[in-house]
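K.L.:
Before anything else, here's the structure in question.
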């Protein structure tokens, strides 16, 4: 069942990103993506709070069932949408080598945003490992604080979504600046003296991370042609979600041998270095572009 759910997600996530672009005008795309992220992060905060009592009272099975029924709300909202306001891209006929065409598109355009997302996600977004180890092993905080790391990140992400939603577009320079700020804050989190300051700094860390991811997603959506948007967004999701598990064992090994502070600091330093490098490459590409 878990495998079936994963295979469904592989189809649903890229389709959702393409559907958002079809549902709003280009000047509102960044706001739509930002508010979508805000809702997801609100669910990350509220979901555990609502599910916990259900598990205590009825067990995990009914909690899964209640979550399944919650999808009926989504289905009803989709059916009630005004189809006249949706501007879907023309369907692309099925053909051979379509996946290869998406890879070739990214290669030919040398998309720096996709590269930066892959690096930041691989090295900087291992919070499931680093925040827990920081609270349990470094600060030895009470058990009540174990889940607060994710809560602080989610709260910061909601703030970042609201800030990103106020913009119509972000430049490549602003994208690199957001990634640089995230990497710097993440590295600083590893230096915090106690769990209170650590949790407090996780809030702006989550804010800058969400601004960066939303800006990268919007930039890809706006620059890619509609007939290939779904495939490029699939690559974005692979870069943002699929690279983290590849580096996670190395981050875990570093945390075990050198300590959680080193693992958290490495993620921040690598993210900041990638942002500086790609920011300079973007600036160089603009300087040589034809006028």
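K.L.:
Would you mind finding the one in 276, 264, 286, 280 that is within 22 Å of residue 193 (Cα to Cα) and either at pLDDT 90 or above or surrounded by fewer than 20 Cβ atoms within 10 Å (Cβ to Cβ) (or both)?
P.N.:
264
K.L.:
Scanning for something part of a helix (DSSP H, G or I) and over 21 Å from the mean Cα position of the chain (by Cα), does the range 37-49 turn up at least one residue?
P.N.:
So far as the range 37-49 goes, yes, one or more of its residues are part of a helix (DSSP H, G or I) and over 21 Å from the mean Cα position of the chain (by Cα).
K.L.:
Evaluate the range 52-71: report whether one residue or more is under 23 Å from residue 203 (Cβ atoms) and part of a helix (DSSP H, G or I).
P.N.:
yes
K.L.:
Answer yes or no: is there a residue in the range 76-85 that is in a helix (DSSP H, G or I), farther than 25 Å from residue 162 by Cα, at pLDDT 75 or above and within 25 Å of the chain's Cα centre (by Cα).
P.N.:
Scanning the range 76-85, I find no residue that is in a helix (DSSP H, G or I), farther than 25 Å from residue 162 by Cα, at pLDDT 75 or above and within 25 Å of the chain's Cα centre (by Cα), so the answer is no.
The values are calculated or read from the model by the stated rules, or taken from the named source; none is laboratory data. Predicted model, so just to flag it, every value in this text is computed and none were measured. Virtual Cβ from ideal backbone geometry, glycine too; neighbours counted across all protein chains shown.
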